[in-house]
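I am attaching a structure below and will ask some questions about it afterwards.
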Amino acid sequence: MPKKTVRHLDVSGKRVLLRADLNVTFVPGTTRIADDGRIRATLPTIDYLREQGAGIVLCSHLGRPKGRVVEEMRLAPVADRLTELMGRPVKYVKDCIGPEVEEAARELQPGEALLLENLRFHAGEEKNDSDFAGALASLADVYVDDAFGAAHRAHASIHAVTRFLPAAAGLRMARELEMLGKALDRPRRPLGAVMGGAKVSDKIAVLRNLVNRVDRLFIGGGMAATFLGAQGHETGLSPVEPDSFQTTLDILSDAAKRNARVFLPVDFVTAAAFQEDASAEIAPFDHVPPDSFIMDIGPETVESFRLGLNGCATVIWNGPMGVFEWDAFSTGTRAVAQAIASLEDATTVLGGGSTAEAVASLGLASRVSHVSTGGGASLELMEGKELPGVAVLPDEDDR
């Protein structure tokens, strides 16, 4: 069911508590933002609220300070970057509740924005504490949730706060739900799903859900080793998950029953050491050297995946094909990204986390239909779970 969005709210002259996902990463050892994609993702909602004459009280978490103040996790650098992107000052306070914050919120004029300090400096945030949520809610007249990346968390600024204020989804949240929902529940067919990453166990629930929906399933990344191990093949030094063997065989069996085609790697890029500068070798899937690691899918697999993706009208992708952070082992991920980006008239939806990082680093984000900002949230949605932060938002029909 579509959710009520900020466009359904009367925000003119009101203060809006806008829960954003500003959980950026910093360049190691600095407070310089490494990737401002999540900040940019919420700008359309901020711009809309400004145009409507609302005062904007922005709030977000950053990292995992575990209920205490951690200087390296303050949001001041985010306020500075927001100021640059918006071309106007964004006020910043060094707490998210209390008298100083209340005064700063009261002084907000229409079109102005105030960024609160890291919500997770208070233990009440992750505990979904009602008193903490009420204190946040007292700063505003309405609540808008644009933090899809945190929608799988029942935290105070996402869940409990909706008990105190009229609530709606932000424009980014609405877009995430629309694109992921369409790909999963109302896809144009054939529907292909490309799944990668290190471990099958991390994505068992996703695979179980997807195998009953897709027409073509592509398995890459480290998880491919477990699929091959379950079939009796040697995987060298690459770790496998014996506890997941039966589940992988069940997934293959379920796919066969539905006449869904599964594409497993037919060759790999291997290396004798798990190191960035290790010498790369190509090995068939059934002759992985016993003293080598699987580092990437091989060239024959790349071609198999490329041909299999051709003709797909909808593609979902989550997880890299190898150790893409290292140039020598990024070819498979790069090739799959380019294959998906080159599909004409196809809806292409990419999960967040490392998949989004890979596509952004290759400069291909603008050539796919949607890149999710939510790693864990998009995975749980693909598992078929109801997200707590979405469930509490009113449906569009609830006027």
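Modelled with pLDDT under 95 and of a type in the set (Asp, Glu): does that describe ASP185? It would help to see each step written out before you state the result.
Values: modelled with pLDDT under 95: yes; of a type in the set (Asp, Glu): yes.
Criteria met by ASP185.
For (1) basic (Lys, Arg); (2) assigned to a helix (DSSP H, G or I); (3) surrounded by 22 or more Cβ atoms within 10 Å (Cβ to Cβ), each residue gets a yes or a no:
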position	(1), (2), (3)
GLY311	no, no, no
VAL323	no, no, yes
THR355	no, yes, yes
THR373	no, no, yes
ALA377	no, yes, yes
GLU386	no, no, no
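Right, another one. So PHE148 passes all but one of these: (1) of a type outside the set (S, T, N, Q); (2) under 22 Å from ALA104 (Cβ atoms); (3) open to solvent by less than 10 Å² (accessible area, probe 1.4 Å). Which condition number does it fail?
Against the list (1) of a type outside the set (S, T, N, Q); (2) under 22 Å from ALA104 (Cβ atoms); (3) open to solvent by less than 10 Å² (accessible area, probe 1.4 Å), PHE148 comes up short only on (2).
Anything in segment 181-202 that is farther than 25 Å from PRO299 by Cβ and in a loop (DSSP other than H, G, I, E, B)? List them, or say none. Don't jump to the end; show me each part of the working.
Step one: list which residues in segment 181-202 are farther than 25 Å from PRO299 by Cβ, which gives 181-189, 191, 201-202.
Residues satisfying the conditions are ARG186, PRO187, ARG188, ARG189.
Moving on to the next point. With in a loop (DSSP other than H, G, I, E, B), at pLDDT 90 or above and closer than 22 Å to THR42 by Cβ as the only criterion, which of LEU343, LEU393 stands out? Walk me through how you get there before you give the answer.
Numbers: LEU343 fails: closer than 22 Å to THR42 by Cβ.
Selected residue: LEU393, the only one of LEU343, LEU393 that is in a loop (DSSP other than H, G, I, E, B), at pLDDT 90 or above and closer than 22 Å to THR42 by Cβ.
The values are calculated or read from the model by the stated rules, or taken from the named source; none is laboratory data. Values in this document were obtained by computation on a predicted structure and should not be read as measured data. Cβ coordinates were reconstructed from backbone atoms using ideal geometry, including for glycine residues, and neighbour counts include every protein chain displayed. All accessible areas refer to the heavy atoms of the entire protein, side chains included, with ligands and DNA or RNA removed. Shrake-Rupley method; radii C 1.70, N 1.55, O 1.52, S 1.80 Å.
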